[in-house]
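The next block holds one structure in the form of structure tokens; read it before the comments.
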Amino acid sequence: MTENKFSIRDTIRSAQRAEETGDLAAAANFYAMVVSRFPNHPVAAKRLKNLHKALTGSATLTQNNVNQLVVLLQTGDMENAAEMATRLICIAPKEAVLHNFQGIALSRTFETKRAEHAFRTAIKLRPNYTEALGNLGTLLSDTGKPDAARIVLEQALKLKPDFCEASNSMGVVLCQLGRQSEALKFLDNAIALKPDYVSAFNNKGLAYKDLNKLSLAIDAFEAGLRFDKSNIDILTNLGYAYSQADRELNAISTLKKVLKLAPDNAEVYLRLAVVQSTVGQLDLAKQNLLTAIEKDPTKAEAYRVLSALKTYERDDPEVNAMKRLFASPATDQYTQIHLGFALGKAFEDIQEHRKAFEYWATANLNRRQQFSYSINEDREFFAQIREIFNVELMASFKGQQSASNQPIFIVGMMRSGTTLVEQILSSHSQVFGAGELPFVNTYARNNFETLKSGGRIELDGFISGYLDCYREAAKQSPRVIDKLPINFLWVGLIKAAFPNARIINLVRDPRDVGLSIFKNYFDALGNKYAYDLEELAEFYLLYRQMMEFWHKALPGAVYDISYEAIVDNVEGEARKLLEFCDLDWEGEVLNFHKAPRVVKTASLAQVREPIYASSKKKWPMFERELAPFIRILKENDALQNLRLS
């Protein structure tokens, strides 16, 4: 009996494949084979009857048939639309419009391979069928084939330049290919052709967001909402853009609107929680993370974010749930990465250090496999920076500098205490903490080839662009902190443009730095060295070498401060910091953990607490596991901190 069932199923599949390729006679033959053994088989008997009518000409396609199909598509009844389209194709297999309609219905029911075949059949029957070309291009984009999609959409737009849907899809495709500036031209064209085109406004906002032009992204999203104020996609993207633009309260209110419209959206609960955690609403964040997990028990990223906000105890049910999901054969790499970091934190909390490190090691290994990287890339790049920023280059910038002493830069290795120092300083009444501003690093990298080839860059553009990037948020604050750690690469450029700027370099026991980096997940792909202990050690050596270079090249330009010294004597070190920054003493800087400031780094929970001595010398508990990292530091005489200025 089992054998017969398998035979019937395979025969019906063969019949369906024959129908899809237009070989109706072969399809009818396969269905007939089934009916001969099972005369009342519901699928085979029905399909054979319809095919017989089509092949004998006793059934004809009517306008009423097509109208009924259109109604099914318009009302969203895609399953019945797909079935009806297939039935009508049996009657009129050369009608391109039926294949196009079939493709639309199949794409909405996620039968993407059959949908692509349907669209291509429509185009084969009518090569200049612009709607089918547009639909095929959109499908190819949605299924991760942007290069193929671009070719098809170019053909559609050549045939019909005012095809607004194809212009919108082309904008999406170009964004997928990393060509956002070109994409905006097509998206603007789509909006010009159809001023209430909500999808195009959404895609325009996403393109600007990719370009880090957040004000323009927000404008585009808000423009789309004027035509559809309850559009979930735009509201969600607007909330995310508000968060990136440091408008956290706007982000929170917008994401709450999304959840009223889509109360089961686990991803939005997660994103709302992340924003709430950055502004210190930790209890609300925890509650929303638990809701995200309740809505989607596989939401591994919610577990990871939650792990940073709580202290686990033995037999915590969340730990058992994470362990089961981590060990499941169905769990993918992405999920294992987030769960691994979360479980590592949980087992660290309950003092099972070996097991904690095992989970971190697995998470880091999986994360490292997601990209290609060699430490030699950074080794060569760092060497080029040291070669370029010589006395001659620095002298060439004279006369172009800004006299402003507004910027304060905090640099160093990640997880070295940069956020702590920012929170201390930004608790001063004259200081605004702008967070990690990407401008300096982005500008320097974009213009690096010019410098390397001996060309000149105009500091005026750099200076005005940098001051503009935080002007609105800083609201006339006399001093502004930029705490992007990787700016340690660009001390020379910073001092060339802003000779009166203050640069503070955090120095911490490299073993604690390495441990802290290894047990954290970083969204940014600029930290590729972070997921392998030996690469991490080699990168630390590069950082150390770079800071030694700046101390020699620009004596007195950088103020080194020890993380351990802050922990041991926060007031004494805070007084030194304020003196270096030419700021009067204010006792409020010692209450930094109470300040309602935004924190967007992995330190977001720690900076809401006072400093404790236990925050240093954690590495001995993992000395054996950190052996590859420590060995490289020992071999290069790098276990001692950099000299303090």
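The values are calculated or read from the model by the stated rules, or taken from the named source; none is laboratory data. Everything quoted here is computed from the prediction, not taken from an experiment. Cβ: placed from backbone, ideal geometry, glycine included. Neighbour counts: every protein chain shown. Each accessible area value is taken on the protein alone, full model and side chains, heavy atoms only, with ligands, DNA and RNA left out. Shrake-Rupley method; radii C 1.70, N 1.55, O 1.52, S 1.80 Å.
Can you return the aspartates and glutamates within cross-link range of LYS475? Criterion is Cα-Cα under 18 Å, with same-chain partners fewer than 8 residues away left out. Within reach: ASP246, GLU248, GLU422, GLU436. Let me know the shape class of the range 420-553, please: from the alpha-carbon gyration tensor, a ≥ b ≥ c as square roots of the eigenvalues, rounded when a/c is under 1.5, otherwise prolate if a/b is greater than b/c, or oblate. Cα axes put the range 420-553 in the oblate bin. If you sort THR143, THR236 by accessible surface, 1.4 Å probe, largest first, the order is THR143, THR236.
Roughly what angle does helix 533-553 make with the longest principal axis of the chain, taking Cα atoms, 0 to 90 degrees, to the nearest 10? On a 0 to 90 degree scale, this one is about 50. Whole-Hz Karplus values for the range 99-108 come out as 5, 5, 4, 4, x, 4, 5, 5, 5, 6 Hz, taken residue by residue from phi with 6.51 cos²θ - 1.76 cosθ + 1.60 and θ = phi - 60°; glycine and proline positions read x. Computed from Cα positions, the angle between helix 459-474 and the longest principal axis of the chain comes to roughly 80 degrees. Estimated from helices alone, the mean residue ellipticity of the chain at 222 nm is -19500 deg cm²/dmol (sum of -39500 (n - 2.57) over DSSP H runs with n ≥ 4, per residue). The residues neighbouring ALA192, those whose beta-carbon lies less than 11 Å from its own, together hold a net charge of 0 under the Lys/Arg +1, Asp/Glu -1 convention. Taking a sphere under 10 Å around the Cβ of LEU72 and counting the other residues whose Cβ falls inside, with K and R at +1 and D and E at -1, yields a net charge of -3.
In this view, the solvent-accessible surface of LYS355, computed with a 1.4 Å probe and all protein chains in place, comes to about 80 Å². Projected onto their three principal axes, the Cα atoms of the range 373-428 cover extents of 39, 38, 14 Å, largest first. Entry comment: accessible area of the chain is 47 Å² per residue, from protein heavy atoms only and a probe of 1.4 Å.
Positive-end ranking of LEU140, ALA81, ILE151 along the dipole of the range 69-180, with charges on Cβ about the Cα centre, is headed by ILE151.
Residue-wise HN-Hα couplings along the range 267-281, as the Karplus relation 6.51 cos²θ - 1.76 cosθ + 1.60 with θ = phi - 60° gives them from phi, are 4, 6, 4, 4, 5, 4, 4, 4, 5, 4, 5, 5, 9, x, 7 Hz; Gly and Pro carry x. Amide H contacts of VAL558 (H built 1.01 Å from N, in plane; Pro and chain starts excluded): no residue 5 or more places away or on another chain comes under 5 Å.
Between the listed residues ALA96, HIS593, ALA27, the Cα displaced farthest toward the positive end of the dipole of the chain, a dipole computed from Cβ unit charges relative to the Cα centre, is found at ALA27. Just tell me which aspartates and glutamates come within less than 14 Å, Cα to Cα, of LYS299; anything on the same chain fewer than 8 places away is out. Hits, sequence-local ones excluded: ASP264, GLU267, GLU318, ASP332. Dimensions of the range 185-261 along the principal axes, based on C-alpha atoms and rounded to the nearest Å, stand at 34, 26, 13, largest first. When only the Cβ of Lys, Arg, Asp and Glu is charged (+1, +1, -1, -1), the dipole of the chain relative to its Cα centre reaches about 1540 debye.
Coupling constants for the range 199-209 follow from the phi torsions by the Karplus curve (6.51 cos²θ - 1.76 cosθ + 1.60, θ = phi - 60°), and in residue order they are 4, 5, 4, 4, 5, 5, x, 5, 5, 5, 4 Hz; glycine and proline get x. Treating the angle as unsigned and between 0 and 90°, give the value, to the nearest 10°, between the Cα long axis of helix 570-580 and the longest Cα principal axis of the chain. Helix 570-580 sits roughly 90 degrees off the main axis of the chain. Pairs spanning more than 20 Å between alpha-carbon atoms, out of LYS452/LYS528; LYS310/LYS594; LYS194/LYS229: LYS452/LYS528.
With the contact rule set at Cα under 8 Å and sequence spacing of 6 or more, what percent relative contact order holds for the chain?
Numbers: 896 pairs, mean separation 55.2, N = 645.
Relative contact order of the chain: 9 percent.
Were the residues from ARG108 through ASP584 laid out at 0.36 nm apart, the gain over their Cα-Cα distance would be 164.9 nm. Look at where the Cα atoms of the range 93-135 and of the range 519-560 average out, and the two centres are 54 Å apart.
Run the accessible area of the range 211-311 with a 1.4 Å probe and give the carbon-and-sulfur part as a rounded percent.
Carbon and sulfur: 49 percent of the exposed surface of the range 211-311.
Dividing the Cα radius of gyration of the range 87-223 by its Kirkwood radius returns 1.03 for Rg/Rh. Backbone amide hydrogens, once placed in the peptide plane, bring LYS617 within less than 5 Å of nothing, excluding anything fewer than 5 places away on its chain. A simple charge model with +1 on the Cβ of Lys and Arg, -1 on the Cβ of Asp and Glu and nothing else charged puts the dipole of the range 270-337 at about 100 debye relative to its Cα centre. The amide H of GLY433, built 1.01 Å from its N in the peptide plane, has ILE481 as neighbours under 5 Å, considering only residues 5 or more places off or on other chains.
The local environment of PRO628, defined by Cβ-Cβ distances under 14 Å, has a net charge of -2 under the rule Lys, Arg +1 and Asp, Glu -1.
The candidates GLU95, GLU301, arranged from most to least accessible area with a 1.4 Å probe in the full protein assembly, appear as GLU95, GLU301.
Taking all protein chains as shown and a probe of 1.4 angstrom, GLU449 keeps an accessible surface of around 110 Å².
Here's the picture: charge each Lys and Arg Cβ at +1 and each Asp and Glu Cβ at -1 in the chain, and of LEU325, LEU61, SER429 the one pushed furthest to the positive end of that dipole is LEU61.
Ignoring aspartates and glutamates fewer than eight residues from LYS323 along the same chain, the ones with Cα atoms less than 12 angstrom from its Cα are ASP315.
The alpha carbon convex hull volume per residue for the chain rounds to 198 Å³.
Compute, for the range 410-508, the length of the dipole vector about the Cα centre, with Cβ point charges of +1 (Lys, Arg) and -1 (Asp, Glu) only. Units Debye, rounded to 20.
On the way: 11 positive and 8 negative charges, 62 e Å.
Dipole of the range 410-508, to the nearest 20 debye: 300 debye.
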